[in-house]
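Data first, discussion second: the structure below is written as structure tokens.
Values quoted throughout were computed directly from the atomic coordinates according to the rules given, and no laboratory measurement underlies them. This is a predicted model, so every value here is computed, not measured. Reconstructed Cβ throughout: ideal geometry from the backbone, glycine too, with neighbour counts over all protein chains shown.
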Amino acid sequence: MQIKSFILSKKVNPEQLFMLSVLIVNGGNYLYNLILGRLLGPTEFADAAVLVTFLLVLSFIAMTFQLATAKFSVLFESNLFTSFILRVYKNAVLIGILLGLTIIICAPQLQTLFNTSTSLMFVIFGVGVPFYFLMSVNRGIFQGKKELKSLSVTYQAEMLSRLIITLILIFTLSSIAYSTLIALGISISFLFGLIPFRYKSISFETKAVIDKAALKSIRSFFLLTAFYELTQIIINNSDILLVKHYFEPYEAGLYASLALIGRIVYFVAWMFVMLLLPKVVQLKKENKNTSKVLFNYVLYISIISLTIVLGCFLFPETIITILFGDSYISMAHLLWKYALATSMFAISNIFAYYYLSLDRYLPVIISGVFGMLQMGLVIFFHESLEQVVYMQIIAMVLLLLIQLAFYKFDYKNK
């Protein structure tokens, strides 16, 4: 009650409250990974990192549904909106089931590919996939309708349940493989992430009716968003999976800790992206200028990125020791370099999502090209973990320069 009274007295608006909520959620997710890193040690943490990376991959795929739902929740109204949401729910559940079954069937192959201790962790993870897709559509409605309180609740419910349930399982069922328990905790958290559920009254037996023009617009945005989210998967997660494949478990665990710390800037940038898309779509709908919004968000992320990179450069050993312990200290010299690569990507990402909101897709294609470039560089140049980081810096600096050049050219043409 005191917190609520304080918030009301300070007149905190919904966007500020949402940003505070996202910071708490990201902090909770960070705490989750840090606890696992300290409890398990580098070798076993490598298996946990694979599951966390799978979760991030899944979130990017599901984000296609969330962003499409958010955009058209702004544009569509009344019966058209209801028909749209119904169709999206049906497709999300179907794709979630197909993807989940694929992961379950391929579990033995995934165990071999990523050198994990058990295949059961992939089976359990696959069972939870359909619920994650359902959850993402639900979040897309909240995001598009700017119901930021409900959007905050669903993220907090997922984060808190994953943290608490996973720790309970680890401390009470220590005889079972940790990776299996972590997978179980992740899958259960998807169910909690459905709270609150926006459309309980929708029947999946009802037929959704959408006119051809609207359907064409939905398909175009969905396909381009899916392509862009694929580039996000490649850029954000391919390095951890490739390192897990090419390096020994101990080294892979060290790299996972490095990646977790270095990516903090991306997770902060994601908070701004959540607010950027519906705002830009609304301004475009009202025929208002959108460049100021882009400039503000790029400025925010640039300041945050510079602060994080500088901190990682000045105090690398202190940061790693506090967060993960002495077992991971050998990664200290690479921390600021990895943070630099992630910062370049985070800033580039703002440009891509901005143009995606405006139905401009060339920056999305550019991101796809450089995502493949990054993965190709790591595949061909991975003699050491340091070389892996350098390959990412090269790819991400080039990506940011191209995105900036495109914006400058586009702005002059306007």
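Quick notes
- Condition broken by residue 116, with the remaining ones in (1) crowded, with 19+ Cβ neighbours inside 10 Å; (2) in a helix (DSSP H, G or I); (3) in contact (Cβ under 8 Å) with a residue 60 or more places away in the chain satisfied: (2)
- Any hit, the stretch 161-182, residues being touching an Asp or Glu at 6+ places or on another chain (Cβ under 7 Å) and surrounded by fewer than 22 Cβ atoms within 10 Å (Cβ to Cβ): no
- Selection of first residues in the stretch 30-49 that are β-branched (Val, Ile, Thr) and of second residues that are crowded, with 24+ Cβ neighbours inside 10 Å, restricted to Cβ pairs under 6 Å at least 6 apart or on distinct chains, gives the following pairs, ordered by first then second residue: 43/253.
- When the stretch 163-199 is limited to residues that are among the small types (Gly, Ala, Ser) and outside any helix (DSSP H, G or I), the one that is nearest to residue 128 (Cα to Cα) turns out to be 193.
- Flag if residue 255 is within 30 Å of residue 45 (Cβ to Cβ), surrounded by fewer than 17 Cβ atoms within 10 Å (Cβ to Cβ), more than 16 Å from the chain's Cα centre (by Cα) and hydroxyl-bearing (Ser, Thr, Tyr): no
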